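First the structure, in the form of structure tokens, and then the observations on it.
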Amino acid sequence: MPKKFAQVLLPLSLDQSFSYFFEDVKIEVGDVVKVEFGKKEIFGAVLSIVNEAPQDFDEAKVKPILEKHQFIKLNKNHLKFIEQLASYNLASKGLVLRAFIGILNSNKTKKIPKPLVQEVDSKKFSLKKLLPQQQEVFEKIDNCSEPWVSLLDGITGSGKTEVYFALIAKMLSENKDAQILILLPEIALTSQIILRFEKQFGFKPALWHSKIGKKEKSEIFYGINSGETKVIVGARSALLLPFNNLQIIIVDEEHDNSFKQEDVFNFHARDMAILKSKLEGFKVVLNSATPAVETYNNAVLGRYNHFILEQKFGIKNAVSLVDLRQEKLPKNNFLSKKLEVEIVKNLEKSELTLLFLNRRGYSPVSICSKCQHKISCNNCDFHLVFHKAKNQLICHHCGYYCKANLKCSACGEEDSLVSLGVGVEKLEEEVRLKFPNARIALATSDNLQSFEDANKLLSQILNNEIDIIIGTQMIAKGYDFANLTLVGVVDLDSMLYSSEIRALEKSYQILTQVIGRAGRDKLAGRVLIQTYNPDNFLFQQILNGSKKDFYEFEINNRQMLDFPPFSRMIKFEISSFLEKDAKQFAKEIVRNFPINENIEIFGPAPAPIQRLKNRHHFLVNLKTNKKINAQKLVLDVMANMKIPSAIRVRIDVDVL
């Protein structure tokens with residue numbers, strides 16, 4: 001066989017492909033091949049094949065393809081998706097490829113693992129009977145073609161999961177080779193979904209997230225590629241697995257910020273799932289009780305199918321506000337008398353209580369009582385959070401920690417550190433003191449770090465071994481506890497005063513979700529919200545139950561300010577170890593952009609946490625008319641700029 005040449009994309013932070021030759025072996029576009037790059041041997045993907053060596057290149061220097069992977073091959077849709085995902089998010093194609101096949105290069109052994117095989121038998125399916133409204137929505141989604149995207153917009157407890165379970169069952173029954181992807185924002189959420197799925201389908205879905213081991217990942221990766229793994233429940237990275245017969249993607253809790261990846265390269269799993277569906281022609285179901293404003297707007301305008309579930313299982317929750325201006329809380333007390341009375345009632349009836357406080361640790365700030373020195377991170381412009389359970393002061397941004405010494409590092413005073421504010425650990429302390437016989441569990445990312453941790457807590461709750469759950473926002477998403485009848489929102493006020501353009505939207509979503517944990521079965525639910533600002537617009541919307549009014553208000557606000565979804569926004573984050581260098585290059589970026597009625601640029605401004613991991617960060621925000629190709633504009637401008645080696649520039653398309 002004559003010598004031929006392949007352009008191979010490598011899983012590196014590069015856009016360009018490299019030339020390698022082959023002979024005496026059949027190589028095709030999409031083949032995953034091992035090549036030598038520098039002193040390493042790595043797997044890459046073949047993008048094209050030609051008969052002659054590249055022009056202006058010494059053929060003698062072209063290295064050979066060392067090996068073709070015997071099992072893994074990327075099809076044309078995989079290659080198109082890599083290209084379009086990279087193009088949309090202004091990421092290098094090599095980094096996107098690494099997300100697809102990086103597991104091949106991390107496996108040091110040559111032994112190919114056995115793929116994960118799922119035995120699917122539709123005769124073993126035992127799904128719950130749908131209510132009339134659920135059945136109607138199921139049939140409409142099942143029968144719709146273009147647009148491929150459907151928003152399943154149902155109040156909490158309306159049975160949205162049962163609708164998409166019915167869709168999955170129909171697809172698996174009709175097509176034994178169908179593959180299904182369910183995307184979830186939190187690892188902790190997967191445990192209950194997996195239990196429910198296994199009970200109704202008779203087999204366990206594969207679980208994909210960053211915490212599973214290499215062996216398990218390899219088995220799932222090869223199983224997805226071979227088609228033997230049919231159903232996968234996973235975090236956002238599961239979208240980048242090499243499916244060959246994907247029939248539907250469910251994006252559960254589609255509004256959740258966790259679907260936005262902000263390390264390695266930026267992308268939003270929801271938006272890229274939609275892009276993938278358009279490439280391959282399959283359905284995407286966006287599932288939420290509180291859709292993102294962009295999603296809701298697209299549905300109202302008819303760009304997505306819009307299906308509404310308004311029938312709640314169980315009795316409507318009774319929601320009331322506790323005005324903390326009227327009830328003065330004693331020092332270091334964070335539960336109002338009204339909330340305490342309701343907790344006692346629940347304990348007497350052996351019903352479950354959830355206390356919500358979206359603040360990890362014991363206290364957010366520690367100061368010296370003598371010199372008022374605030375204990376801050378050595379690497380970041382941020383205070384250290386006291387975690388009493390670990391006796392550590394921890395930075396929630398870079399991970400730096402130190403022992404919680406009682407001696408002030410500034411003035412040397414002994415026993416002078418005072419903890420200010422409240423975190424879930426301090427709240428737990430108060431609850432244990434006031435309800436000493438109650439069985440209490442914390443649910444935060446600090447103590448639920450693995451699927452096993454979440455599963456253990458879930459089992460305890462379902463077996464009625466817990467009386468009071470104290471948790472952050474991770475416990476507010478998607479959980480279904482039949483015995484949970486009381487929700488106490490200890491503090492949400494701090495979220496209402498954020499300068500983010502999405503602050504009101506995020507607060508509405510979190511509050512609606514946490515309220516929806518109560519009264520999900522036959523028992524009535526009560527919700528008490530403690531606040532110093534009971535007249536706030538958000539609380540009035542929650543009390544009135546006027547979801548449509550809230551979204552209309554927020555959409556009108558965005559339109560008036562010309563914010564997304566009525567414009568495009570791209571954020572540049574410029575960082576350097578030297579503040580002046582980062583600021584100077586940020587100014588240079590601003591100077592290089594053309595400014596007119598369709599293009600605005602804001603900044604540079606210091607990032608909310610300017611010094612992070614000892615790098616100084618400045619932000620520049622680009623806003624353009626939706627008719628402008630914002631990505632092309634950015635590429636054209638950046639092509640004429642040389643980024644100094646000391647500078648990092650991160651670009652975030654469709655910034656949250």
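Data for the structure
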quantity	calculated
Anisotropy class of segment 319-366 from Cα gyration tensor, a/c 1.5 cut	oblate
Share of carbon and sulfur in the accessible heavy-atom surface of segment 92-237 [1.4 Å probe, %]	51
Accessible area per residue in Å² at 1.4 Å probe, computed on segment 314-433	52
The chain: angle of helix 76-89 to the longest principal axis, Cα-based, in degrees nearest 10	60
Between 0 and 90°, nearest 10: helix 132-143 axis offset from the chain longest Cα axis	10
Tensor-based shape of segment 255-303 (alpha-carbon gyration tensor, a/c under 1.5 rounded, otherwise prolate or oblate)	oblate
Solvent-accessible heavy-atom area per residue, rounded to whole Å², over segment 598-656 at 1.4 Å	54
CD proxy at 222 nm, helix term only [per DSSP H run n ≥ 4: -39500 (n - 2.57); per residue of the chain; nearest 500]	-9500 deg cm²/dmol
Gyration tensor (alpha-carbon) shape descriptor, segment 117-157, a/c threshold 1.5	oblate
15 Å beta-carbon shell around Phe201, net charge (K/R +1, D/E -1)	+4
Peptide ranges 649-655, 181-187 listed from the most packed, as the mean C-beta count within 10 angstrom indicates	181-187, 649-655
Estimated D of segment 449-526 in µm² per second, where Rh is the Kirkwood radius over Cα pairs and Stokes-Einstein applies at 4 °C, 1.567 mPa s	93
Label-point separation in nm, Asp121 to Asn596, each point 7 Å along Cα→Cβ	6.7
Dimensions in Å of segment 288-370 - Rg and Dmax from alpha carbons	20.3, 62
Nearest 10 degrees, 0 to 90: helix 337-348 Cα axis against the chain principal axis	80
Subset of Lys128/Lys204; Lys4/Lys34; Lys3/Lys63; Lys260/Lys283; Lys328/Lys349 violating a 19 Å alpha-carbon distance limit	Lys260/Lys283; Lys328/Lys349
Total charge dipole magnitude, the chain, about the Cα centre, Cβ charges on Lys, Arg, Asp, Glu only, Debye to nearest 20	880
Kirkwood Rh and Cα Rg combined as Rg/Rh, segment 237-276	0.95
At most 16 other Cβ within 10 Å, DSSP loop - GluC sites (Glu not before Pro), segment 569-622	Glu597
Peptides ranked, highest mean first, by Cβ atoms within 10 Å: ranges 341-353, 291-303	291-303, 341-353
Two-decimal Rg/Rh across the chain, once Rg and the Kirkwood Rh are taken from alpha-carbon atoms	0.98
Entries of Lys388/Lys583; Lys39/Lys68; Lys211/Lys345; Lys80/Lys547; Lys345/Lys390 with Cα pairs more than 30 Å apart	Lys388/Lys583; Lys211/Lys345; Lys80/Lys547; Lys345/Lys390
At 1.567 mPa s and 4 °C, Stokes diffusion of segment 332-445 via Kirkwood alpha-carbon radius, µm² per second	83
Loop GluC sites (Glu not before Pro), segment 496-570, which have at most 12 other Cβ atoms in a 10 Å radius of their Cβ (DSSP)	Glu500
Inter-label distance for Asp549 and Val300, nm, one decimal - labels placed 7 Å from Cα along Cα-to-Cβ	1.5
C-alpha center-to-center spacing [segment 120-159, segment 1-36] in angstrom	44
Segment 313-349 residues near the modelled Ala482 label - backbone nitrogen below 20 Å, point 7 Å along Cα→Cβ	313-317, 346-349
For segment 402-456, Kirkwood radius (reciprocal of mean inverse C-alpha pair distance, Å)	14.2
For segment 481-631, the spread of Cα positions along each principal axis, largest first, Å	61, 39, 28
Cleavage-rule hits (trypsin sites (Lys or Arg not before Pro)) in segment 434-537: DSSP loop, at most 14 neighbouring Cβ within 10 angstrom	Arg439, Lys522
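The values are calculated or read from the model by the stated rules, or taken from the named source; none is laboratory data. Model, not experiment: these values are computed from the prediction. Quick reminder, even Gly has a Cβ in these numbers, built from the backbone with ideal geometry, and neighbours come from all protein chains shown. Accessible surface is based on the protein model in full, side chains and every heavy atom, while ligands, DNA and RNA are left aside. Shrake-Rupley method; radii C 1.70, N 1.55, O 1.52, S 1.80 Å.
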